[in-house]
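The values are calculated or read from the model by the stated rules, or taken from the named source; none is laboratory data. This is a predicted model, so every value here is computed, not measured. Neighbour counts are summed over all protein chains in view; Cβ atoms, including those assigned to glycine, are modelled from backbone coordinates with ideal geometry. Quick note on the areas: whole protein, heavy atoms, side chains included, nothing else; ligands and nucleic acids left out. Shrake-Rupley method; radii C 1.70, N 1.55, O 1.52, S 1.80 Å.
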Amino acid sequence: MTLTPLPAFQDNYFWVLHDGPRALVVDPGDAQPVLDFLARTGLRLDAILVTHHHADHTGGVAALVAATGAPVWGPAAESIPQPATGVGGGDTVGVLGLSFRVIDVPGHTAGHIAYYAEPAGQAPLLFCGDTLFSGGCGRLFEGTPAQMLASLDALAALPATTRVCCAHEYTLSNLRFARAVEPANADLAAYERDCQALRARGEPTLPAQLGRELRINPFLRVREPAVRRAAQDRGVADPQDAVAVLAAIRGWKNEFR
Ligand code: ZN
Ligand code: FE
């Protein structure tokens, strides 16, 4: 199983997973980078997985279906531009010989889903769209802080070795914010240096490793004393209230420059 992030637009990745001649793509917001990759590698597209309805995740689906006939899976609770098999939490999607477990992760959008699989002999894979980013989480466009907290908690419970395939290269700006939340987090400082070196070489910082995210991502750390204290400094009355802490740091991030 080979995992390849196809860079697109300003900072999107369309994740391609392939095994032998067959490939799947997640959240193709544009068909052309995927068609170019298929032409270059000679791979056949076997499946398209969609995490949520936003155009930068779905814009290429119709053209890819027209060009390849690949079947589409997407969130049952959202409408996406192309007929898709709608799936939700607890469903499984069988593609490339893998069984992807669907996890409901509302928050960024109301019906957002993630796909999780355990390829034989490899670290687990999570395609989480715009829910979890390295060092950050998605904006709350349609969901509540309580929903996002439950979604992030569900992802945090996956194995620490899980490769987190986020849909955007937001890592460096997220880490700058994370450092404002937790200035004394040494793991965070070291990880930021590693990511700066990767970006300086033009390489992706992703996939992220879930175990590390648990040590550096403030949105996965809302029950940590340092993050609670930061939220308290931002006016949260009860720092034991994880939903309030998440809401406060998400609001802070929205205005952070
Ligand atoms: Zn989105
Ligand atoms: Fe997006």
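Points to keep in mind about this one:
- Scan region 117-164 for residues that are crowded, with 19+ Cβ neighbours inside 10 Å, within 13 Å of ligand 2 (Cβ to nearest atom) and hydrophobic (A, V, I, L, M, F, W, C) and the total you get is 5.
- Region 8-31: number of residues that are more than 16 Å from ligand 1 (Cβ to nearest atom), in a loop (DSSP other than H, G, I, E, B) and surrounded by 20 or more Cβ atoms within 10 Å (Cβ to Cβ): 1
- Note on region 182-221: residues that are part of a strand (DSSP E or B) and open to solvent by 30 Å² or more (accessible area, probe 1.4 Å) amount to 1.
- Residue pairs meeting the criteria (Cβ under 7 Å; at least 6 apart or on separate chains; first in a loop (DSSP other than H, G, I, E, B), in region 117-146; second acidic (D, E)): P124/E118; S134/E213; G138/D130
- Selection within region 222-257: residues that are surrounded by fewer than 24 Cβ atoms within 10 Å (Cβ to Cβ) and under 18 Å from Y170 (Cα atoms). The member of this set that is modelled with the lowest pLDDT is R257.
- Residue identified as under 23 Å from N12 (Cα atoms), touching a residue at least 40 places away in the same chain (Cβ under 8 Å) and in contact with a Pro (Cβ under 9 Å, 6 or more places away or on another chain) among E169, E182: E169
- Subset of region 95-116 that is open to solvent by 60 Å² or more (accessible area, probe 1.4 Å) and either touching a Leu at 6+ places or on another chain (Cβ under 6 Å) or not in a loop (DSSP other than H, G, I, E, B) (or both) - its residue that is nearest to ligand 1 (Cβ to nearest atom): D104
- Residue within region 35-51 that is in a loop (DSSP other than H, G, I, E, B), within 16 Å of ligand 1 (Cβ to nearest atom), surrounded by fewer than 21 Cβ atoms within 10 Å (Cβ to Cβ) and over 14 Å from the mean Cα position of the chain (by Cα) present: no
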